[in-house]
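Here's the structure, in structure tokens; my notes come after.
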Amino acid sequence: MDLSQHKIEIVLGAAEIAQLEQGDPASAGLAVTVNELEPSAPISKAIVQSASILCLEVHAGVPRSLGRIGELRAEYPNLPIVALVRDADVALVRSLLRQGVNDVVDLPLSLRKLTESIGEILGSVASRPASVERRSGKLIAVVKSIGGVGATNVAVNLAASLGEQRPTCLFDLDIQFGSAATYLGAQSEPSLRDLLEGGARVDGDFLKAVASEGPGSLRFVPAPSDIQPIEAVDGTQIRRIIRTARGEFDYVVTDLPANWTNWTLALVAEADIVLLVVTLSIASLRQGKRQIQLLRSQGIDPARIHVLINRVEQRLFKTIGPEDAAKALGHPVDLSIHNDYPLVNGANNQGVLLADLGKRSKVARDYAKIAETVTTLVEQA
Ligand SMILES: Nc1ncnc2c1ncn2[C@@H]1O[C@H](COP(=O)(O)OP(=O)(O)OP(=O)(O)O)[C@@H](O)[C@H]1O
Ligand SMILES: [Mg+2]
């Protein structure tokens, strides 16, 4: 794509201009003008009207800088806007995306990231017929209180059930300990690594080429086969991957690592619903409570957080029951799955779905019910 025919107006305060990376934007094929304007100053019509894309500094500590975005969006609904932000936290990124910015790029500004972002925005604008609304698939983030509670089983079996009804893609984002491919009996290549390395080339076709065929019509992206630090994952790239997936599929299900980093928090912040998997052990409930508190502190609406208790025993004399769990978590519990280790473990080892191995089992019926509930919940979210 020839980017040089598009005029990019960059608006930055003096402090950020001083930090600009040395380099010639023209050599990267960009027609760029840098305008010096403090984050609180109003933006002149002349700048906006000459821009094909406006890249605007947003400063978390300057409310007026955020206000400028809302005003611009209201006045110029179709103008592509890139927010340039230093040390963006999840709440800010989320609020910017809600206000309709097309992308968020980190400051100090790097020419590579800017070129990627602009190429992607122009590509998606060009490929979108003006009259057709782009699909925005529902994002379901599966998280766990502690390791081993059964989150991957939930992600895999839920995604497979959803996939029977509508186009669904499962992402194993448990970068270091991903086991979804094993449970699905699927190949582990190509993987998320290909998408992470694909940069701005990641679009619907690229994604569909990487996502392997799962059972039924489920598509699946395995975790990278070699272990890499979760902090090494580029948050902007993950956002691009998930945004692309939401443009292609009705449901996008992600299995997330137990540890939080910036990109995992940003992802749950964008999710339609977060499924928190717990078991009825003291350690799991204690940690589950902390997870809920953390999610809430990130500005995630508690109504989007749904607790799923896995491995519920039917005992005559209960030790801890679902009601106690809700009390311990300080959050309602709306979903549960029976305990059936031989069946679940057998399915995992053979790489088959629970619905295929134990069609009439309680666990398979629980999963069918969960899929039904989740489809209702995401519509309400
Ligand atoms: N409903 C269930 N009944 C009995 N055992 C279960 C059930 N669900 C999961 N398990 C067992 O729990 C173990 C962990 O499951 P799984 O890998 O899905 O958990 P996880 O939370 O993703 O773990 P990790 O932290 O390793 O990613 C497996 O041995 C699995 O067989
Ligand atoms: Mg797992």
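The values are calculated or read from the model by the stated rules, or taken from the named source; none is laboratory data. Model, not experiment: these values are computed from the prediction. Cβ atoms come from the backbone with ideal geometry, glycine included; neighbour counts cover every protein chain shown. Surface accessibility is based on the protein's heavy atoms, side chains included, excluding ligands, DNA and RNA. Shrake-Rupley method; radii C 1.70, N 1.55, O 1.52, S 1.80 Å.
Within the stretch 139-152, the set of residues being within 16 Å of ligand 2 (Cβ to nearest atom), of a type in the set (A, V, I, L, M) and either modelled with pLDDT under 70 or not in a loop (DSSP other than H, G, I, E, B) (or both) comprises 140, 141, 142, 143, 151. Just to be sure before I move on: is residue 127 modelled with pLDDT under 95, among the polar types (S, T, N, Q) and open to solvent by less than 60 Å² (accessible area, probe 1.4 Å) in the structure I sent? No. Take the residues in the stretch 167-186 that are in contact with a strand residue (DSSP E or B) (Cβ under 6 Å, 6 or more places away or on another chain) and assigned to a loop (DSSP other than H, G, I, E, B); name whichever of them is nearest to ligand 2 (Cβ to nearest atom). Among those that are in contact with a strand residue (DSSP E or B) (Cβ under 6 Å, 6 or more places away or on another chain) and assigned to a loop (DSSP other than H, G, I, E, B), it is 174.
Considered as a group, the residues in the stretch 261-285 that are of a type in the set (Gly, Ala, Ser) and assigned to a loop (DSSP other than H, G, I, E, B) include one that is nearest to residue 335 (Cα to Cα), and that residue is 281. Of the helices (runs of 4 or more DSSP H) entirely within the stretch 313-381, those holding at least 1 residues that are of a type in the set (Val, Ile, Thr), within 9 Å of ligand 1 (Cβ to nearest atom) and modelled with pLDDT of 95 or more occupy 341-350, 362-380.
Yes or no: residue 258 buried (at least 23 other Cβ atoms within 10 Å of the Cβ), in contact with a Lys or Arg (Cβ under 8 Å, 6 or more places away or on another chain) and either free of Cβ contacts under 8 Å to residues at least 60 places away in the same chain or not in a strand (DSSP E or B) (or both)? Answer is no for this residue.
Put simply, of 97, 37 the only residue that is hydrophobic (A, V, I, L, M, F, W, C) and either within 28 Å of residue 244 (Cβ to Cβ) or touching a Gly at 6+ places or on another chain (Cβ under 6 Å) (or both) is 97.
Would it be correct to say that residue 304 is out of contact with any Gly (no Cβ under 8 Å at 6 or more places or on another chain), touching a residue at least 24 places away in the same chain (Cβ under 8 Å), assigned by TED's automatic domain parsing to the domain that holds residue 149 and charged (D, E, K, R)?
Numbers: out of contact with any Gly (no Cβ under 8 Å at 6 or more places or on another chain): yes; touching a residue at least 24 places away in the same chain (Cβ under 8 Å): yes; assigned by TED's automatic domain parsing to the domain that holds residue 149: yes; charged (D, E, K, R): yes.
Yes.
Meeting the requirement of 3 or more residues that are over 13 Å from residue 102 (Cα atoms), open to solvent by 40 Å² or more (accessible area, probe 1.4 Å) and assigned by TED's automatic domain parsing to the domain that holds residue 116, the strands (runs of 3 or more DSSP E) wholly within the stretch 15-88 are 31-36.
For the stretch 194-209, filtering for residues that are surrounded by fewer than 21 Cβ atoms within 10 Å (Cβ to Cβ), part of a helix (DSSP H, G or I) and touching a residue at least 40 places away in the same chain (Cβ under 8 Å) leaves 5. Of the numbered criteria (1) surrounded by fewer than 19 Cβ atoms within 10 Å (Cβ to Cβ); (2) in a helix (DSSP H, G or I); (3) in contact (Cβ under 8 Å) with a residue 60 or more places away in the chain; (4) away from ligand 1 (no atom under 12 Å from the Cβ), the one residue 136 fails is (2). Of 225, 217, 212, 191, all but one fail to be in contact with a strand residue (DSSP E or B) (Cβ under 6 Å, 6 or more places away or on another chain) and touching a residue at least 24 places away in the same chain (Cβ under 8 Å); the exception is 212.
Return yes when residue 161 is in a loop (DSSP other than H, G, I, E, B) and among the hydroxyl-bearing types (Ser, Thr, Tyr) and no when it is not. First the steps, then the outcome.
On the way: in a loop (DSSP other than H, G, I, E, B): no; among the hydroxyl-bearing types (Ser, Thr, Tyr): yes.
Answer is no for this residue.
Here are some residues: 233, 210, 202, 221. Which one is among the β-branched types (Val, Ile, Thr), more than 25 Å from residue 90 (Cβ to Cβ) and either assigned by TED's automatic domain parsing to the domain that holds residue 271 or within 16 Å of ligand 1 (Cβ to nearest atom) (or both)? Testing whether each residue is among the β-branched types (Val, Ile, Thr), more than 25 Å from residue 90 (Cβ to Cβ) and either assigned by TED's automatic domain parsing to the domain that holds residue 271 or within 16 Å of ligand 1 (Cβ to nearest atom) (or both) leaves just 210. Remark: pairs (first residue in the stretch 331-348, small (Gly, Ala, Ser); second residue assigned to a strand (DSSP E or B) and more than 16 Å from ligand 2 (Cβ to nearest atom); Cβ separation under 7 Å; 6+ apart in sequence or on different chains) = 336/309; 336/312.
From the set of residues in the stretch 164-183 that are out of contact with any Asp or Glu (no Cβ under 9 Å at 6 or more places or on another chain) and within 12 Å of ligand 1 (Cβ to nearest atom), which is least open to solvent (accessible area, probe 1.4 Å)? So the residue we want is 175.
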